[in-house]
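Take a look at the structure below.
The values are calculated or read from the model by the stated rules, or taken from the named source; none is laboratory data. All values derive from a computational prediction rather than experimental measurement. Cβ: placed from backbone, ideal geometry, glycine included. Neighbour counts: every protein chain shown.
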Amino acid sequence: MSLAITVEDIMQWTLMGSSSTRLPVLLTLIVTTGLGLSMAGAQTSSQSETSGSGQYYVEFRSRQAWDYGHTFVVFGRVGETPGKKNVAGLSPKGDDPKMWLMGHYMPVPSDTGWTDGDLEDRYITSRYRVLLNKDQYDRVVAHIRELQSRSHFWSVEMYNCNAFVADIAGFMGLKVPSSSWIYPRVFVSNLRKVNTGHPEAAAQLISDNVKEMSSPTRDGRAMIAAGMIHPGAAATTRPTSPAPNVTIGAIRVLNRPASSAGRTENSSE
């Protein structure tokens, strides 16, 4: 399959399935190929806040990728360095950018674990940590493992990395952003805000997403163009051909309520 697919091609295919429930804000959505970039000297905004209590945690994170980033969770015991087994997120299977591109047309096989860059602070753009006691932590991790075992496909339209993380947050009893069709940094930032005493954040979701769309450091390509990073020192997972620049659809606000199953005692309502 050739990567020579234009922005107009993908917009045409995606908007054919659009409905009146989608708000008229064009956005460029999620890349989860795990393509590494050298970001030495470039500082990213990774505002964080912690809620709850206990010796264990689940941390919701967004990170930079070649285009628009990735949303995932890291979990473990406070004070211990997490490894790859402590990461869960939904992404197209393997490192081939063509698999990600196909996911804009149809569901593609997925991976549900660590991807390159997930445990490197220099790539993190936003984070939100929830502390748990041992019983709560064990129940959440069991849910994460079960979710990983049954999440076999990745699709921008039907089930992307934001939606996967929203399922974990909903199980924990957290409020979740009303749309999964938003940039990863906006998703995690909004998740943090709506659960830490910022009720106005829910109404700011669309405007925050529009701001992110125009951010000069939103993605790796923009940072390279600005001279902030240099691809010569990029990780070995860089593609052999340019990653496609994809613009699709409009924000779709979901009406599905968050699950209250497994609600933790430290989540904010």
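One table, with the values for the structure above:
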quantity	calculated
Residue that is nearest to E49 (Cα to Cα) [pool: residues in region 60-96 that are acidic (D, E) and buried (at least 16 other Cβ atoms within 10 Å of the Cβ)]	D67
Residues located in region 183-207, provided they are farther than 21 Å from V140 by Cα, outside any helix (DSSP H, G or I) and over 9 Å from the mean Cα position of the chain (by Cα)	G197, H198
Close pairs (6 angstrom Cβ cut-off, 6 or more residues apart or separate chains): closer than 18 Å to G69 by Cβ and in a helix (DSSP H, G or I) in region 162-173, at pLDDT 95 or above and not hydrophobic (A, V, I, L, M, F, W, C) anywhere	N162/T71; V165/T71
Residue list for region 57-80, filter: in contact with a Cys (Cβ under 6 Å, 6 or more places away or on another chain) and either more than 15 Å from Y123 (Cα to Cα) or among the polar types (S, T, N, Q) (or both)	T71
Any hit, region 134-157, residues being surrounded by fewer than 20 Cβ atoms within 10 Å (Cβ to Cβ), in a helix (DSSP H, G or I) and modelled with pLDDT under 95	no
In region 97-113, the residues that are touching a Phe, Trp or Tyr at 6+ places or on another chain (Cβ under 7 Å) and surrounded by fewer than 18 Cβ atoms within 10 Å (Cβ to Cβ)	Y105, P107, P109
Number of positions in region 69-89 that are closer than 17 Å to L191 by Cβ and assigned to a loop (DSSP other than H, G, I, E, B)	2
Filter pass, M102 being more than 26 Å from E49 (Cα to Cα) and touching a residue at least 12 places away in the same chain (Cβ under 8 Å)	yes
